[in-house]
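**Q** Below you'll find the structure I mean.
The values are calculated or read from the model by the stated rules, or taken from the named source; none is laboratory data. Because the structure is predicted, anything quoted here is derived from the model rather than measured. Here Cβ is always computed from backbone atoms with ideal geometry, including for glycine, and neighbour counts include all displayed protein chains.
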Amino acid sequence: MTLPQAVVRIAALLLMTFTASPLPAQEPAVAKFDWFQYSGQDEVFETLLPSGHYRNPILAGFHADPAITRVGDRYYLVNSSFTFFPGIPVFESTDLVNWKLLGHVIDRPSQLDFDGLSVSRGVFAPTISHHDGVFYVVTTAVDSGGNFIATARNPAGPWSDPVWLPGVEGIDPSLFFDDDGRAWLINNDVPATAPRYDGHRAIWMQQIDLATLKPTGPRRVLLDGGVDPSTNPIWIEGPHLFKHEGWYYLTCAEGGTGPQHSQVVLRSRTLDAPFTPYAHNPILTQRDLPDDRPHPVTNAGHADLVQTPGGDWWAVFLASRNYDRVHYNTGRETFLLPVTWREGWPVILDAGKTIPYIVPAPAGVVASASSSTGNFSWRDDFDARPLKSEWYFVRVPDRAWADLQSTPGWLSVQAGEVGLDTLHNPHFLARRQQHTRFQASTQMAWPSANVDAGLAAFQNEQYWYALGIRQRGDRGEVYLERNRGGVRQVLASQAIDRHAIVQLLINADGGRYDFGFDLGNGAQWLQRDVDGSVLSTDVAGGFVGASLGPYAILRAASGNKREP
């Protein structure tokens, strides 16, 4: 920003501040944000990256359930998006390390509806494939429609509306195109007979008609239970089928998405014969490592394999970076490791080995500045339309309440009639938390008299912090509110000058969060060392990580019971 632009921006902020009297009833209740800034300083990212290496994770912050395909010299990757909108991000790379967001499969409100769903429902485990000039994404809209396929000629979109798959129950579908031209749908579902134990699942296969995108013919089980049914394995899921040197390989996640997560592989000479498991499964896990190891990476699994034009093999998979052994606020992230073939079997990581943060890179990788991994700073001055691609909505917005046009250079948020604890669309813009240690801040004008607005740290509708400001007569107030398990409590509040320029500040280091403000004379901390594990996946549940961003709520909007 140039100096004249900065002067104009400050002048506009002062004008908004000194005219912050209650708005007439007919005027919209709004909050205006001048800028938002995020900066990460994780210790594991401070190590100098040697030439010819890359850094894990390749997509930091919650990017769960990666799936990948290659078309020519380009790679395409998708992730789960749950109830966030737009949904199913589509990334492109030429080197497997540096990724560009092309667009989203679900980018129109008419495609899916997530109202009434918890944050961790919605879109699970999409997979992407390419055949005869068409890109296919197949996935599950959990509690919101079931399994469907979307197609596009261009991976950047537009993508088709969902084509639903009648009769295909379960989750985690993927497509396999065989040499004979037939296409097969593979997915997780309950076994053919009554489950023997909790978590007993099977992998099913059925042919699919590419002309109609409808399943056809008999549906049969490829794998029941897991690689060793005698051990009662749980949650065999995330199946991918591929062919290599005359063998059909079936690779799946097993053990659930927590610390017991793993990746296994089986193979068969034909699709009609039983699949034989690899004798040294799993081919990826971190479950046998000590909990007290430094900077642990956990939950590793749900992998997908891809071959480079030069013949090398690589795997993308999800894993989590923990603090205090069990907590992780950044959710399940996307990692990358090379695949080694041993006597006809692909191995991602030997047993007992830790997932490395720094790895020799694929051929041709050139290091570049990125907001996908490593330590970086990111800022939005709200100067350009549309909204930057890092912003997401929680569920599908029913109207356009985030406005960059009415006051150029500002984000205007119309206050919502529901709070952050809603199962509908809160008026909150979410940006992923990508670091264990970070700072987030925003500068804003005083909101309308009947509006609470500020900066939220959000995990789901029942676990969040809201650091905000509101008018209290002739005075202003800054406050910190917490929702923990559905019980809301105002942790701290302080009267402040309603004619001051306000910056809101959140600093975090692992499970310690500081919440404060700056009125132009330095940071003042409203409350320090607040319990940040409230925002961790293991406490809040579900499959997502924390996010940060601006919100605006009508004061009449209230939700759950508050503690005294």
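**Q** What's the total number of residues in segment 314-353 that are part of a strand (DSSP E or B) and surrounded by 16 or more Cβ atoms within 10 Å (Cβ to Cβ)?
**A** 20
**Q** Please return the ranges of strands (runs of 3 or more DSSP E) entirely within segment 178-231 where 2 or more residues are without any contact (Cβ under 8 Å) to a residue 12 or more places away in the chain.
**A** The strands (runs of 3 or more DSSP E) meeting that bar are 214-224.
**Q** I need every pair where a residue in segment 492-519 that is assigned by TED's automatic domain parsing to the domain that holds TYR465 and touching a residue at least 60 places away in the same chain (Cβ under 8 Å) has its Cβ under 6 Å from the Cβ of a residue that is surrounded by fewer than 18 Cβ atoms within 10 Å (Cβ to Cβ) and aliphatic (A, V, I, L, M), sequence separation at least 6 or different chains.
**A** Filtered contacts from segment 492-519: ALA500/LEU519; LEU505/ALA523.
**Q** Looking at GLY146, GLY116, GLY181, which one is in the same structural domain as ARG332 (by TED's automatic domain parsing), surrounded by fewer than 23 Cβ atoms within 10 Å (Cβ to Cβ) and modelled with pLDDT under 95?
**A** Testing whether each residue is in the same structural domain as ARG332 (by TED's automatic domain parsing), surrounded by fewer than 23 Cβ atoms within 10 Å (Cβ to Cβ) and modelled with pLDDT under 95 leaves just GLY181.
**Q** Tell me which residues, restricted to segment 25-57, are within 22 Å of GLN471 (Cα to Cα) and either within 21 Å of the chain's Cα centre (by Cα) or not in a loop (DSSP other than H, G, I, E, B) (or both).
**A** VAL30, ALA31, LYS32, PHE33, ASP34, TRP35, PHE36, listed by residue number.
**Q** Are any residues in segment 45-64 at pLDDT below 95 and either among the hydrophobic types (A, V, I, L, M, F, W, C) or under 27 Å from PRO173 (Cα atoms) (or both), and if so, which ones?
**A** Once the filter is applied, which keeps residues that are at pLDDT below 95 and either among the hydrophobic types (A, V, I, L, M, F, W, C) or under 27 Å from PRO173 (Cα atoms) (or both), segment 45-64 yields LEU48, LEU49.
**Q** Oh, and also: If a residue must be touching a His at 6+ places or on another chain (Cβ under 9 Å) and of a type outside the set (A, V, I, L, M), how many such residues does segment 289-312 contain?
**A** Number of matching residues: 6.
**Q** In addition: Whether any residue in segment 342-349 is within 17 Å of GLY40 (Cβ to Cβ) and touching a strand residue (DSSP E or B) at 6+ places or on another chain (Cβ under 8 Å) is what I want to check.
**A** No - not one qualifying residue is present in segment 342-349.
**Q** Considering each of PHE45, PHE62, PHE33 in turn, give the residue that is in contact with a Pro (Cβ under 8 Å, 6 or more places away or on another chain) and aromatic (Phe, Trp, Tyr).
**A** Criteria check complete, one pass: PHE33.
**Q** Same structure again: Looking only at segment 478-533, filter to residues that are among the aromatic types (Phe, Trp, Tyr) and under 27 Å from the mean Cα position of the chain (by Cα); which one of those is nearest to ALA466 (Cα to Cα)?
**A** By that ranking, first place goes to PHE515.
**Q** Another one. Looking at (1) under 21 Å from the mean Cα position of the chain (by Cα); (2) surrounded by 12 or more Cβ atoms within 10 Å (Cβ to Cβ), find the lone condition where GLY364 falls short.
**A** (1)
**Q** Output the residue which, of all residues in segment 119-135 that are closer than 16 Å to PHE91 by Cβ and surrounded by fewer than 22 Cβ atoms within 10 Å (Cβ to Cβ), is nearest to the chain's Cα centre (by Cα).
**A** Looking at the filtered set, the residue picked out is SER129.
Yes/no matrix, rows are residues, columns are (1) modelled with pLDDT under 95; (2) acidic (Asp, Glu); (3) buried (at least 24 other Cβ atoms within 10 Å of the Cβ):
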{"position": "PRO22", "(1), (2), (3)": "yes, no, no"}
{"position": "ALA25", "(1), (2), (3)": "yes, no, no"}
{"position": "PRO66", "(1), (2), (3)": "no, no, yes"}
{"position": "HIS104", "(1), (2), (3)": "no, no, no"}
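**Q** Same structure, new question: Got a number for residues in segment 272-325 being closer than 17 Å to PRO356 by Cβ and hydrophobic (A, V, I, L, M, F, W, C)?
**A** Total satisfying the criteria: 12.
**Q** Considering only residues that are closer than 13 Å to GLN263 by Cα and crowded, with 22+ Cβ neighbours inside 10 Å, which ones fall in segment 286-297?
**A** GLN286, the sole residue that qualifies.
**Q** Working only within segment 445-496, note down all residues that are among the charged types (D, E, K, R), surrounded by fewer than 18 Cβ atoms within 10 Å (Cβ to Cβ) and at pLDDT 95 or above.
**A** Answer for segment 445-496, where residues must be among the charged types (D, E, K, R), surrounded by fewer than 18 Cβ atoms within 10 Å (Cβ to Cβ) and at pLDDT 95 or above: GLU477, ARG484.
**Q** Is there a residue in segment 274-288 that is outside any strand (DSSP E or B), within 20 Å of VAL339 (Cα to Cα) and of a type in the set (Lys, Arg)?
**A** Yes, there is a match, as at least one residue in segment 274-288 is outside any strand (DSSP E or B), within 20 Å of VAL339 (Cα to Cα) and of a type in the set (Lys, Arg).
**Q** I'd like to verify a number: residues in segment 472-489 that are within 29 Å of GLY40 (Cβ to Cβ), out of contact with any helix residue (DSSP H, G or I) (no Cβ under 6 Å at 6 or more places or on another chain) and not in a loop (DSSP other than H, G, I, E, B), how many?
**A** Looking only at that region, the number is 8.
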